[in-house]
Amino acid sequence: MRKPVIAGNWKMYKLHDEAVNTALELKNQVANATHCEVIIAPVFTALKTVADRTEGSNVNVAAQDCSTHTEHSANTGEVCADMIKDVGASHIIIGHSERRQFYGETDESVNEKTKACLYFGLTAIVCVGESLAERESGNAQTVVKTQLNGALKGLTVSDMERIIIAYEPVWAIGTGKTATPEQAQEMHAFIRGVLAETQSEESAENTRILYGGSVKPANVRELMSENDIDGALVGGASLDATSFAQIVNYK
Ligand code: PGA
């Protein structure tokens, strides 16, 4: 049985106090949610306070990126995964399409960051997803498979216990254009098939695969009813505590 995961990616939104207030509101509104794991990903500067103020609740905290380096070293502007763990976060989002598109993230750096995350015992939420042009040219599965294999290169079945995959078609992110449940299900089943080939059947069965791209209170239930959709990575609709809580409480 795969426990669903509902994760909120706050991107570069919210000043420190705003992030803390939203987290506190959310904490109250999802206090009874035991059917899924709840994760929020604030900006680095709010991580510690948000993690402190949600400690002991069912809200877990994630960072949105980390360094490829595992040694404290001369790398201006970078944040090492153990520094993220040190302030109370348990997860790191890695390889989000905005980082791939605008910040030079490659399958190689996604792989290194995923390994850095695992090295310190954190869980990686590894993002994959095709662009509109790639889907329209019929290459969506090839693109996703390449990203997936690149990201997970060298990982073992036991490493996979701390990996969550997020399928986020780029054309659905922040556009209001959600993939249909059928489109998402098809890709999720494909991803699980790739994991079965490269890891093991059992590992593939146990890996949570989240859908991301314009998930809202109005469409989450339909998406979650698909067999291979094990949760959601939510951007815009996670910024408001009430709207995100409605997504968490989709049941
Ligand atoms: P969205 O973003 O829900 O605003 O489409 C999803 C994401 O980027 O993770």
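The values are calculated or read from the model by the stated rules, or taken from the named source; none is laboratory data. Predicted model only: the values in this text are computed from it and were never measured. Please note: Cβ atoms are built from the backbone with ideal geometry, for glycine as well, and neighbour counts cover all protein chains shown. Just so you know, the surface numbers come from the protein's heavy atoms only, side chains and all, with ligands and any DNA or RNA stripped out. Shrake-Rupley method; radii C 1.70, N 1.55, O 1.52, S 1.80 Å.
Measuring from centroid to centroid over Cα atoms, what is the spacing of the range 35-62 and the range 162-181 in Å?
Comparing the Cα centres of the range 35-62 and the range 162-181, I get a distance of 22 Å.
Return the Rg/Rh ratio of the range 1-71 with Cα-based radii and a Kirkwood Rh.
Ratio of gyration radius to Kirkwood radius for the range 1-71: 1.00.
Farthest toward the dipole's positive end in the chain, which of 6, 20, 44, given Cβ charges of +1 (Lys, Arg) and -1 (Asp, Glu) about the Cα centre?
With unit charges placed on the Cβ atoms, the residue in question is 20.
So if each residue of separation counts as 0.36 nm, and I subtract the Cα-Cα distance between residue 57 and residue 136, what length gain in nm does that give?
Stretched out fully, the residue 57 to residue 136 stretch lengthens by 24.1 nm.
Please compute one quarter of the surface area of the Cα convex hull for the chain and express it in square nanometres.
12.3 nm²
Can you tell me, using C-alpha contacts under 8 Å and at least 6 residues apart, the relative contact order of the chain as a whole percent?
Averaging sequence separation for qualifying contacts and normalising by length gives 21 percent for the chain.
Among 83, 160, 224, which one moves the most in a GNM of the chain with springs linking Cα atoms closer than 10 Å?
Highest fluctuation of the listed residues: 83.
Using the heavy atoms of the protein chains and a 1.4 angstrom probe, tell me the accessible area per residue for the range 5-248 in square angstrom.
44 Å²
Once every DSSP H run of n ≥ 4 in the chain is given -39500 (n - 2.57) and the sum is divided by its residues, what mean residue ellipticity at 222 nm do you get, rounded to the nearest 500 deg cm²/dmol?
Estimated from H runs of four or more residues: -12000 deg cm²/dmol.
For the chain, what % of the accessible area comes from carbon and sulfur atoms, probe 1.4 Å?
49 percent
Can you tell which of 46, 166, 63 shows the greatest fluctuation in a Gaussian network model of the chain with Cα springs below 10 Å?
Highest fluctuation of the listed residues: 46.
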